Every structure is written in C-alpha cells, then in structure tokens.
Amino acid sequence: MKGLWLENQQLQLRSQLPIPEPPEGEALIRVLQAGICNTDLELLRGYYPYSGILGHEFVGVVERGPESLQNQRVVGEINAYCGDCRFCRKGQPTHCEKRTVLGIVNRNGAFAEYLTLPVKNLYAVADTITTDMATFTEPIAAALEIQEQVAITPGDRILVVGDGKLGQLVAQTLALTGCDLLAVGRHRDKLENLESLGIKTGFADAVTDRQFDIAVECTGNPEGFSIARRALRPRGTLVLKSTYAGHLTLDISSLVVDEITLIGSRCGPFPKALELLAQNKINVKSLIQAKYPLDEAIAAFEQAQQRGVLKVLLEISD
C-alpha cells in the first residue's frame, strides 16, 4: 500500500508498505480521507521522536472487523489503551501507560491506504454527515474536551487566542455554551469567518489585561501564551490546546501570586463531536483550504506549513 512515512524529520511517500494485519480486537480500515493537523507539523519539526506513517484525523470504511461495522464509514479515537493499567482502571484511557497513539506514538497513522484500530475505538458515521465533515471529528472532539475539564457558564468571560484550524473549532464549540466569548488572531479573513457565525473577534490589542475568567491558547507559540496569560484575572484558568516544538519561558511567580489554574487539554469525546456534526452546529466547510490526493502528500504538507493556511485534506481512496 501507499503511505506517507516520517523518519528523521523527513517525509517520504512509500508505495510498497505492507497492508497492516489487524490483531485480535482490531479492525482493518480503508482510509477515505485524512486531515493534516498542527501536531503532524510539530512531529515533522521534531516535537516527538516518531518514525512511521503520520496522520490521526480520518474517516474510513471498515473492511475487516465486526459484522455490525462491515462496510460502514467510521471515525476512531486515536489512543489505543490496555484496559488494565492504573489510568485505564480510573477511566482515563487517554493516559494509559501502555497506549499507542495513531500516527503519533508507536502506531502507524492515517496518511496511508489502510490503518488498524481497536474496534472499541470506532464510531459509525451517520449518513447525514458528509466525509468532509466527518474528517473533522477528532479536532472537534479535542475542542470539546475543554468543556469536559472546565465548568463553563453563560456568565464566564472567555478568550480564545488563535484563529487557525484548532482555534476556529474551539471558538465555535465554546460559543454554543452562551459564554461571553472573544476570539483573537492575526488574520482578518479568518476572524471574519468567526464573525459570520456571530462570534466576537479582534486582534491582540482587543485583549484587556486581567479581565477574563478563562483563556484558551491555540497558537502553539510564546506570543500566544503571553496574550492568554495576561488576559486572566486572579484565579483564572489557562487552557493549553497546542503542542510546542520548542520551550516556553514562564513567569512562575505570577502564576503563583494570581493563583492561576493551568490545564493541558488534548483528546476529547467523539460521540458529542459526531452529534454536533449531525446537527450542523459546527461549520467546517469554511475551514477546508485545499485537498490533495495521497500521491501529492508532500505538496500537501508544503502548503499546510505555510503561514495562515487552514485545513489541508488528503483524499486517500474512494
């Protein structure tokens, strides 16, 4: 099969990769479409020493698996967990001590014609959800994880820093709570996309220091972190949604003095993401920048790395 292989921070399109053999409890999935994520770009930059097939945002068709899912379109949670370690026993499988992570940790990913995942990770995609929409299930779930971690009320003032792929979805999901929301970024056209959905936006100078209850950092750069941090009132909550290839310099004393709660946030609830897609409550069409066939995956990554580009999709099969 064909697949996009990462090794030593270099990408190579390989055409003679073996089709994976699903172990017991897993399904073989033919990938229809996959999205390039900022995490993929950070892996390319060396965020984590991964070698293998990249990609974790996907929709595919089950070719081998339980009869109930045969020939069904599915999406899949990316963490494959053991079920026996202390985190699994506590109901926290995304932190499983023995986990593999699709396209990120010790498990080949979705930028290939086939992948395997545990059956328990899979969710059928309703006929009313298009393949383009379904490809966004994983990042929408990641955006929704904020609401799993932090209690949000309509009276909360919330700042989203970043108008890129993830920032757009975080802002849309938070807007559904009825909170007092402001999204800031650098790109007029992206901010206009959020404004068309009724979300207040602005550039960095629109942020008033020490006035927000919750700030969500979606840029993955030190400047974005600084904006989010200075926006928080004492005892505010700072949510980090981005991975960083480099290191941040923190004023730890100010975090202590202001009693700031710092929360890392990543994978989230797939059923809720699929429900929002089925209800057309999240607009993903405007986030699609370009589509490329798998044969042009290197060019797709080149475009995805350009500043200001939104979601680039790889069309893997029909």
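The values are calculated or read from the model by the stated rules, or taken from the named source; none is laboratory data. Quick caveat: nothing in here was measured; it's all calculated off a predicted structure. For neighbour counting, all protein chains shown are included, and Cβ atoms are generated from backbone atoms with ideal geometry for every residue, glycine included. Only protein heavy atoms, including side chains, enter the accessible area calculation; ligands, DNA and RNA are left aside. Shrake-Rupley method; radii C 1.70, N 1.55, O 1.52, S 1.80 Å.
For the reader, a short list of remarks on this structure follows.
- Seen from every direction in turn and averaged, the convex hull around the alpha carbons of the stretch 73-182 projects onto 8.6 nm².
- Using the Cβ-Cβ distance between Ala151 and Lys285 with R0 = 25 Å, the FRET efficiency computed as 1/(1 + (r/R0)^6) comes to roughly 0.20.
- Length released on extending from Ser51 to His247, taking residue separation times 0.36 nm less the Cα-Cα span: 68.4 nm
- Subtracting the Cα-Cα distance of Thr131 and Asp205 from 0.36 nm times their residue separation leaves 22.8 nm of extension gain.
- Protein accessible area in the chain, 1.4 Å probe - carbon and sulfur %: 47 percent
- About the Cα centre, charge dipole magnitude for the chain (Lys/Arg +1, Asp/Glu -1 at Cβ), debye: 440 debye
- Of the whole protein surface, Thr249 contributes about 140 Å² of accessible area at a 1.4 Å probe radius.
- Extension gain for the segment Arg307 to Leu176, taken as residue separation times 0.36 nm less the Cα-Cα distance, is 44.3 nm to one decimal.
- The calculated 222 nm mean residue ellipticity attributable to helices in the chain amounts to -7000 deg cm²/dmol, summing -39500 (n - 2.57) over DSSP H runs of n ≥ 4 and dividing by all residues.
- When the Cα positions of Ile199, Gly264, Ser15 are compared along the charge dipole of the chain, Gly264 comes out farthest toward the positive end, with charges on each C-beta of Lys, Arg, Asp and Glu.
- Ranking Asn121, Leu176, Thr135 by how far each Cα lies toward the positive end of the dipole of the stretch 76-176 (charges on Cβ) leaves Asn121 at the top.
- Segments 284-295, 31-42 sorted - mean Cβ within 10 Å per residue, highest first: 31-42, 284-295
- For the stretch 8-24, the Karplus equation 6.51 cos²θ - 1.76 cosθ + 1.60, evaluated at θ = phi - 60°, returns couplings of 6, 6, 10, 9, 9, 7, 9, 10, 10, 6, x, 5, x, 9, x, x, 4 Hz by residue, with Gly and Pro reported as x.
- Convex hull of Cα atoms in the stretch 117-207, direction-averaged projection (nm²): 7.3 nm²
- The mean of 1/r over all distinct Cα pairs in the stretch 94-155, once inverted, gives the Kirkwood hydrodynamic radius of 14.4 Å.
- Solution diffusion estimate, µm²/s, Stokes-Einstein, the chain, Kirkwood Rh from C-alpha pairs, 25 °C, viscosity 0.890 mPa s: 122 µm²/s
- In order through the stretch 99-108: 3J(HN,Hα) via Karplus (6.51 cos²θ - 1.76 cosθ + 1.60), integer Hz, x for Gly, Pro: 5, 10, 10, 3, x, 9, 9, 6, 8, 4
- Under-22-angstrom lysine pairs by C-alpha in the stretch 118-265, whenever the two are 8 or more apart or on separate chains: 6
- Pairwise label distance in nanometres, Val257 with Gln10, each label 7 Å out on the Cα-Cβ vector: 5.0 nm
- Antiparallel beta bridges, as assigned by DSSP with both residues in the chain, represent about 55 percent of the total such bridges.
- Residues whose amide H lies under 5 Å from that of Val160, counting only those 5 or more places away or on a different chain, are Leu182, Ala183, Val184, Val216; hydrogens are built 1.01 Å from N in the peptide plane.
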